[in-house]
Amino acid sequence: MLSRRSFLRATVVTLGAAFVPGCGDDTSNTTGNRTLVKGSGYFPQSVASGDPRPKSVVVWTRVVDGEKAGWDLDVELEVALDVAFTKPVSEPIKLQALAAYDNCVKARIVGEPGTTYYYRFVYERDGIHYVSRVGRTKTAPDEDADVPVRFAFVSCQDFVGRYYNTLLALEIEDLDFIVHLGDYIYETTGDPSFQTPDDARKVVFRDPASAIELGASGDVKFYAAKSLDNYRDLYRTYRGDPALQVLHEKFPMIPTWDDHEFSNDCWGANATYLSGRANELDVARRKAANQAWFEYQPVDYAGDPDFAYDPAADVPNDIRIYRDFTFGKHVHLVVTDLRSHRPDHLIPEDAFPGAVLFDEATLTASPGGLPGPTIATPYVDIETYAGGLYKNVLSQVATASGYDAAKVTGNVSVDYINLIVAQLNGGDPPPDPPIPAIDAAGLPRGLSYFDLNKVSFYAQIGTRYFVHKDAFDVFSTLRYAADPKTQDVMGEAQEAWFLETLTGSTKTWKVWANEFNIVPVQVDLRQIAGIPANVQRRFYMGVEGWDGFRDKRNELLGKLGGLGNVVALTGDLHTFMVGTPWAEQDPTKKIVEFMTGAVSSTPFRDELSSQVKSDPVLSQIPAAPLLALQIDDLVLDTETKVNPHLAHAESNTHGYAIAEVSAAEIVVTLHAVSGKEVTTNYAGRTAEFVTKMQKTRFKTVAGGSDLFKEIEGAWKRWDTTTLMWT
Ligand SMILES: [Fe+2]
């Protein structure tokens, strides 16, 4: 009996030099004496390869035989140096596609550096040999090879209601490999806040009873994956897409994950659907997501010669996906996992909005001293102030909203109290007599959740998104000083490995495959007329990623910025961005960041517009929809200079990015297409689709961290003082 652990491993196969077949001429439809019959029906997800290293690459398929459901299936792997398979490099290799593994099968083939291999799988049934489509893959060049490297990076490929047209365009590129920065799948079947299923593009769970029912859109219920079966359904469906299949057939992929491989805005094994209404820790669910990812992705498993997934271990130790790759002398690619080992974002969704986090004495004694009156605002002791009048009022409001009134205690923000009082007095019927507003003169000042922009009891706005920048900076730094674990995005072991790998690298370029934006993405609404006073602030658009872990980011940039030639590749935001994030304590410590737009997921600008529409606070601000539409102008504003690190933003498009690396420079070309092209299927019309794509070229040059853009044939440098290309 094999142990469970040994089920979930893959086979290591050493290839020889060109192998001379035993019998006559070999052609594409024979191996030795046997005739091969096209059998892609037995390989419904086709083939894939990934994690190329100088001596190895992983190949993958899934075998399905409708009459043998639940069986382990024998399959053979053939590897050759040519597409016609006249130069095989091994006898056919016997493998088993195990039912316990969803009949996915992987092999790490060990061969020569910088070599293109062709591979296919053969399944025998009733004496007939059915063959998969042919995959092409390539090992990484030798460590010492002085060779250019050309690769693509992509992210965010929502399948529901959307077509992978951008992948059609990517398929005709000449690439060494593809880096996938996460959101390879989305875990929901049709969340109406961002997904619109149609007959051709939908996900259906075989067993919806084992999924999380998130709600209903009309009569149709929508779900999030929870069981292993659910997550497998997602990969089966996504990998059923013909464009994605061809992409995998042509190029090896190096994937990492972001949140949606498990759950939106997740941290560790925690989901965040309920915005603080309940504890959403689910270790079994996270393990199901991890196992399905491991089954379906053609990945090697760092540190394990058999690259086994370990279902017996608990998260996050069941799988280690952070790992590094080298491509000749010039590229060291370091792939991180920013979801498994991290803490929660800093502002809890269920915090009482009025609660004061730091009182006047604490702020005054802190290194930064007492902040100004737009950051630290007046508060009262709710227990005793006005004989407990406001405690009574706020407790009733909390209880009426299903919120725990016991949290209405201690020091409470006067601005928050006065907001609630104004709402009650403006209600119908108004209280009799009206509740007096509190006069803030002479009161002590502190920092409350309300000062961070948390307005409602359970909220994403003011906790994960759209947070007052200046107050958040004070709050997060004080939290970090008290407990560095609050910003430990990588976890101790990964961070030590990450820094050691990058600082110890002898390659020309250190390339970080990074999930979410490093460059700060802020908006400055202080000069915008016609919006409420508490919105006339500077905001972080999201504090669920690096903007929420700014002290840790500064620390890492301080260490990386001094190395030179460090480039981050980013996904997640559904927008193209280019910039040079630096350490706030030392602006000379900077790196270069290239962010790619989504393959198909809702562009950032459209996401903002729908957030504005659905949020109870933002939807009340008449100027908000227009501000959402102007997001690129806001983040690139040259008057407020709110993001001097940011040189380019394009948030209403889809696409991919291609990096061309040499000893002298990295040139990154953004390939973007209007967001509206995603609902038309361009299959068979790739050339037409390609004409719709806009290319923009940027580069950075070895020995510095400057950024250049190609404008009318000339390279212009980004000046972080004037915010111009000069
Ligand atoms: Fe995404």
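Here is how the numbers come out for the structure above:
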| quantity | calculated |
| --- | --- |
| So GLY562, is it part of a loop (DSSP other than H, G, I, E, B), away from the ligand (no atom under 16 Å from the Cβ) and over 22 Å from the mean Cα position of the chain (by Cα) | yes |
| Residue tally, condition in a strand (DSSP E or B) and among the hydroxyl-bearing types (Ser, Thr, Tyr), over region 325-351 | 1 |
| Selection count where residues are buried (at least 24 other Cβ atoms within 10 Å of the Cβ), away from the ligand (no atom under 16 Å from the Cβ) and not basic (Lys, Arg), scope region 257-291 | 1 |
| Test for THR61: is it outside any strand (DSSP E or B), outside the structural domain of PRO311 (by the TED database) and either over 31 Å from the mean Cα position of the chain (by Cα) or touching a residue at least 24 places away in the same chain (Cβ under 8 Å) (or both) | no |
| Residue selected from region 239-256 under the condition within 14 Å of ASP51 (Cα to Cα) and within 16 Å of the ligand (Cβ to nearest atom), by the criterion surrounded by the fewest Cβ atoms within 10 Å (Cβ to Cβ) | PRO255 |
| Any hit, region 211-219, residues being more than 16 Å from the ligand (Cβ to nearest atom), charged (D, E, K, R), crowded, with 21+ Cβ neighbours inside 10 Å and more than 18 Å from the chain's Cα centre (by Cα) | no |
| Those residues of region 360-376 which are closer than 16 Å to ALA482 by Cα, among the polar types (S, T, N, Q) and not in a helix (DSSP H, G or I), in sequence order | SER366 |
| Flag for ALA225 being assigned by the TED database to the domain that holds VAL661 and either more than 16 Å from the ligand (Cβ to nearest atom) or open to solvent by 50 Å² or more (accessible area, probe 1.4 Å) (or both) | no |
| PRO532 open to solvent by less than 20 Å² (accessible area, probe 1.4 Å), away from the ligand (no atom under 16 Å from the Cβ) and not β-branched (Val, Ile, Thr) | no |
| Positions within region 476-512 being under 18 Å from GLY703 (Cβ atoms) and either under 21 Å from the mean Cα position of the chain (by Cα) or not assigned by the TED database to the domain that holds GLY558 (or both), in sequence order | LYS510, VAL511 |
| Some residue of region 105-119 being of a type in the set (A, V, I, L, M), open to solvent by 10 Å² or more (accessible area, probe 1.4 Å), part of a strand (DSSP E or B) and closer than 26 Å to ARG323 by Cα | yes |
| Exclusive hit being closer than 20 Å to PHE466 by Cα, of a type in the set (D, E, K, R) and at pLDDT 95 or above, set ASP381, ASP350, ASP337, ASP359 | ASP350 |
| Test: ASP551 is away from the ligand (no atom under 16 Å from the Cβ) and outside any strand (DSSP E or B) | yes |
| Test for SER609: is it under 26 Å from ARG162 (Cβ atoms) and within 22 Å of the chain's Cα centre (by Cα) | yes |
| Among the candidates ASP158, ASP219, ASP199, residue that is among the acidic types (Asp, Glu) and under 24 Å from VAL612 (Cβ atoms) | ASP158 |
| Answer residue from region 566-618, given it is touching a His at 6+ places or on another chain (Cβ under 7 Å) and assigned to a helix (DSSP H, G or I) and is surrounded by the fewest Cβ atoms within 10 Å (Cβ to Cβ) among those | GLU607 |
| The lone exception for ASN230 - which of (1) over 23 Å from LEU573 (Cα atoms); (2) open to solvent by 30 Å² or more (accessible area, probe 1.4 Å) it fails | (2) |
| So GLU112, is it within 16 Å of the ligand (Cβ to nearest atom) and not hydroxyl-bearing (Ser, Thr, Tyr) | no |
| Filtered residue count, region 688-726, keeping only those that are closer than 23 Å to LYS589 by Cβ, aliphatic (A, V, I, L, M) and either open to solvent by less than 40 Å² (accessible area, probe 1.4 Å) or assigned to a loop (DSSP other than H, G, I, E, B) (or both) | 3 |
| Selection status of ASP586, touching a residue at least 60 places away in the same chain (Cβ under 8 Å) and among the charged types (D, E, K, R) | no |
| Qualifying residue in region 419-441 (condition: hydrophobic (A, V, I, L, M, F, W, C), farther than 21 Å from LEU389 by Cα and over 22 Å from the mean Cα position of the chain (by Cα)) | no |
| Among the residues listed as ASP191, ASP174, ASP158, the single one being away from the ligand (no atom under 16 Å from the Cβ), among the acidic types (Asp, Glu) and part of a loop (DSSP other than H, G, I, E, B) | ASP174 |
| Total residues in region 496-536, condition charged (D, E, K, R), farther than 29 Å from CYS156 by Cβ and touching a residue at least 12 places away in the same chain (Cβ under 8 Å) | 1 |
| Pick from region 570-584, criterion within 18 Å of PHE698 (Cα to Cα) and not hydrophobic (A, V, I, L, M, F, W, C), ranking: farthest from the ligand (Cβ to nearest atom) | THR580 |
| Within region 359-384, tally of residues that are open to solvent by 50 Å² or more (accessible area, probe 1.4 Å), closer than 25 Å to PRO434 by Cα and touching a residue at least 12 places away in the same chain (Cβ under 8 Å) | 2 |
| The lone exception for ARG236 - which of (1) part of a helix (DSSP H, G or I); (2) open to solvent by less than 40 Å² (accessible area, probe 1.4 Å); (3) farther than 22 Å from ASP337 by Cα it fails | (2) |
| Among (1) of a type outside the set (Val, Ile, Thr); (2) touching a helix residue (DSSP H, G or I) at 6+ places or on another chain (Cβ under 9 Å); (3) at pLDDT below 95 - the single one GLY704 does not satisfy | (2) |
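Let's see how each residue does on (1) open to solvent by 10 Å² or more (accessible area, probe 1.4 Å); (2) under 30 Å from SER56 (Cβ atoms); (3) without any contact (Cβ under 8 Å) to a residue 12 or more places away in the chain; (4) of a type in the set (Phe, Trp, Tyr):
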site	(1), (2), (3), (4)
CYS156	no, yes, no, no
ASP174	yes, yes, no, no
GLY182	no, yes, no, no
PRO208	yes, no, no, no
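The values are calculated or read from the model by the stated rules, or taken from the named source; none is laboratory data. What you are looking at is a predicted structure, and each value in this text was computed from that prediction instead of being measured. Don't worry about glycine lacking a Cβ; one is built from the backbone with ideal geometry, like all the others, and counts go over all protein chains shown. These accessible areas exclude ligands, DNA and RNA; they are computed on the full protein's heavy atoms, side chains included. Shrake-Rupley method; radii C 1.70, N 1.55, O 1.52, S 1.80 Å.
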